[in-house]
């Protein structure tokens, strides 16, 4: 298990560095992209394009391997069929994203910059995650939805 | 108003993000989904990577961001000072990413990279929802 933690730490560092290099840690940059009726800022599209390209190469390469270097198997979601929780969850997430300009990765990475706003946001985000788990645990609302990520 | 960022720098940042996701996948077999990793770290995920792996990845994010600020460019962070807005946004992002099983990284970067229909639709939905929210707050009510 320790063996897998070191590559995960390195991947996390590179991921955080990429978020900072592309200025995705800056909520104003993200809101500039989402503001298509204002002074539109295309930076997020360039970052996303580069990221999708590189992750696609990695995925294609993984399909040629029987197992990862430090693990027994690949954990890639097999369910590709959309359902209501997926769309409802994404819509709620997008609302929160558009209100402030933080999504989970940049908010966590941005904790390093000493802005209190990132801490308030991350704390609330964790509470929100907990509330979703509580809601999902209620028998009436129980609905199975395999994890994507 | 923010200074412009050259597209080449933005693309380089993206390649770094996708490269990190590739590294994580090929070395550990896991998808680089930040919301799922965070849920695992605070022990509210039913499935997901081992705790140590998730914790190591999550801790790496601010370290990498800090390194870029120290050696490449200090970010000019601009973010709202409204506590209620930050709290509501955080709750929505936390609840929504868990209900929808992913965020910008898991669905946006990794899911689209493997052409998963779920992830393509999730990304289209949170983009549209984010755009609509900004339109309402900036051009209809706030301004």
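Average partner chain C-beta neighbours within 10 Å, per residue of A:130-138? The shielding value for this peptide is 4. The packing ranking of peptides A:132-138, B:75-81, B:108-114, B:32-38, highest mean first, is B:32-38, B:108-114, B:75-81, A:132-138, where packing means the average number of other beta carbon atoms within 10 angstrom of each residue. Shielding of peptide B:42-49 by partners, expressed as the average count of other chain Cβ atoms within 10 Å per residue Cβ, is 4. In terms of its alpha-carbon gyration tensor, region A:70-116 comes out oblate; a/c meets the 1.5 threshold, while b/c is at least as large as a/b. Site pair residue A:73 and residue A:40 shows an inter-label distance of 4.4 nm when each label is modelled 7 Å from Cα along Cα→Cβ. The share of C-alpha pairs in region B:17-70 whose separation exceeds 18 Å stands at 31 percent. Give me the percent of Cα-Cα pairs in region A:17-149 that sit more than 21 Å apart, rounded to a whole number. The proportion of pairs with Cα distances above 21 Å equals 58 percent. Note on residue B:81 and residue A:88: with the Förster distance fixed at 25 Å, the Cβ-Cβ geometry gives a FRET efficiency of about 0.25.
Sorting the segments B:118-124, A:11-17 by their mean number of nearby beta carbons within 10 angstrom, highest to lowest, gives A:11-17, B:118-124.
Per residue of A:60-67, other chain Cβ atoms within 10 Å of the residue Cβ number 2 on average. Residues A:43, B:88, B:93, B:42, arranged from fewest to most other Cβ atoms within 10 angstrom of their Cβ, appear as B:42, B:88, A:43, B:93.
Averaging over all projection directions, find the projected area of the Cα convex hull of the protein assembly as shown and quote it in nm² with one decimal place. It is 13.9 nm². Taking every C-alpha pair closer than 8 Å and separated by at least 6 residues, the mean separation divided by the residue count of chain A gives a relative contact order of 26 percent.
Our summary of shape: the Cα atoms of region B:7-141 have principal axis extents of 48, 38, 29 Å, ordered from largest down, in whole angstrom. For chain A, the 222 nm mean residue ellipticity estimated from helices alone, with every DSSP H stretch of n ≥ 4 adding -39500 (n - 2.57) and the total spread over all residues, rounds to -20500 deg cm²/dmol.
Read-outs: derived from the displayed coordinates by stated rules, not from any lab. Keep in mind that what you see is a predicted model, and the values were worked out from it rather than measured. Neighbour counts run over all protein chains shown; Cβ positions are idealised from the backbone, glycine included.
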